[in-house]
Amino acid sequence: MPDREDFLWFKTTFGAEVDEAVRGTPFSLDFLAAIAAQETGHIWSSARKTLNRDEILEICVGDTLDEDRGRRAFPRSKAQLIAAPQGQAMFDIAHQALVAVAKQDASFRAVAKRPEKFCHGFGIFQVDLQFFKTDPDYFLEKQWVDFGVCLKRCLEELQAATRRAGLEHQENLTDLEKVHVAIAYNAGSFKPAKGLKQGFFNGTQFYGELIFDFLRLSQTVGTPSAPAVIPLPAPGTAAVPPPTPVTAPGKTFRVNVNDSPLRLRSEPRIDKTDANANVIARLPDGHLVRLVSGTDTGKFLEVETSLNGA
């Protein structure tokens, strides 16, 4: 798993290009580094010690799961890929990519020995081979070795994911909202009631949880031209940013509870089967919130508050 030194390498290697590309967008170098870490960090975190930039980008490939392991998107198998126009050429490239990455990453070595296996993901931000039908040149011409091409494509996909997450009208995004976009980038959509537990599940954590952790880690890494967003936490503690300012102009309310924290929900609704289904935070007694909408006599109030930096 990428650590702070790996994030420093990513930022010093690609930072200038990313900063230029994200200008005018709600995204940031920290956010793009987090996505890259989640998608291919297991490759470049070790490869950076022995390979140069172009060699690293060439082996940023992965995902060898076929239909027998649950894949439903094209191509589900070698046979289906070969049957497509230029499919044999694509298979040859995808299999060789698997062999190449296996030389660097031992976790791929067993599967690389199987002649029918091939990679489905290409590029430091990963583009799935399902797009081979609509953009064959990206794969056949090995455009994923060009970081600029990968970055441009990633940002286009993130903009589309922003619309799917319902955040397209916001000029700025909070860290949590950026993670919501990342979930839509990975899973195709974002469901508010599920919070961060969405996207690919690795057996321990969901994609949303991993991206959030990587984003926080990235924010602790500064470069000579860009200081860290949040300070490095003490050993054994989590990275937490300073509280963001509350900007709602409404009345201030104080939480008044006796036995348990007040449940803050993502929408004005209580699920009949699971009362905690849409709970996004629990506010302690005495905590201050600012009114956004609603009335004192209503069942719900929409409020804004700052809790643990969020």
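From THR252, THR244, THR204, which residue is under 22 Å from the mean Cα position of the chain (by Cα) and surrounded by 11 or more Cβ atoms within 10 Å (Cβ to Cβ)?
It is THR244.
Mind checking which pairs have a first residue in region 154-179 that is closer than 18 Å to LEU196 by Cα and a second that is aromatic (Phe, Trp, Tyr) and not in a loop (DSSP other than H, G, I, E, B), Cβ under 6 Å, 6 or more apart or different chains?
Short answer, once both residue conditions are applied: LEU158/TYR185; ALA161/TYR185; LYS178/PHE31; VAL179/PHE212.
Kindly check whether there is at least one residue in region 90-112 that is touching a strand residue (DSSP E or B) at 6+ places or on another chain (Cβ under 6 Å) and in contact (Cβ under 8 Å) with a residue 24 or more places away in the chain. Let's see the steps before the verdict.
Let us first name the residues in region 90-112 that are touching a strand residue (DSSP E or B) at 6+ places or on another chain (Cβ under 6 Å), namely 97, 101.
Applying the additional criterion that residues be in contact (Cβ under 8 Å) with a residue 24 or more places away in the chain yields 97, 101.
Yes: region 90-112 contains one or more residues that are touching a strand residue (DSSP E or B) at 6+ places or on another chain (Cβ under 6 Å) and in contact (Cβ under 8 Å) with a residue 24 or more places away in the chain.
Within region 52-104, how many residues are open to solvent by 20 Å² or more (accessible area, probe 1.4 Å) and either under 19 Å from ASP135 (Cα atoms) or of a type outside the set (Val, Ile, Thr) (or both)?
Selection size over region 52-104: 33.
Is region 199-216 home to any residue that is in contact (Cβ under 8 Å) with a residue 40 or more places away in the chain, in contact with a Pro (Cβ under 9 Å, 6 or more places away or on another chain) and not in a helix (DSSP H, G or I)?
No, the conditions are met nowhere in region 199-216.
Mind listing just one residue for me: the one in region 1-53 that is basic (Lys, Arg) and not in a loop (DSSP other than H, G, I, E, B) and, of those, nearest to ALA161 (Cα to Cα)?
Only one residue fits best here, namely LYS11.
Quick one: which helices (runs of 4 or more DSSP H) lie wholly within region 82-188 and hold at least 3 residues that are closer than 26 Å to ALA16 by Cα? Give the derivation first.
Numbers: elements: 87-104, 109-112, 136-140, 147-164, 175-187.
Answer list for region 82-188: 147-164, 175-187.
So in region 282-310, with the set limited to residues that are surrounded by 14 or more Cβ atoms within 10 Å (Cβ to Cβ), at negative phi and of a type in the set (Gly, Ala, Ser), which one is modelled with the lowest pLDDT?
Among residues in region 282-310 that are surrounded by 14 or more Cβ atoms within 10 Å (Cβ to Cβ), at negative phi and of a type in the set (Gly, Ala, Ser), the one modelled with the lowest pLDDT is ALA310.
The values are calculated or read from the model by the stated rules, or taken from the named source; none is laboratory data. Just so it is clear, the model here is predicted, and its values are computed rather than measured. Positions of Cβ are generated from backbone atoms using ideal geometry, with glycine treated the same way; all protein chains shown enter the neighbour counts. The protein model used for the area step is the full one, side chains on, heavy atoms only, and it has no ligands, DNA or RNA in it. Shrake-Rupley method; radii C 1.70, N 1.55, O 1.52, S 1.80 Å.
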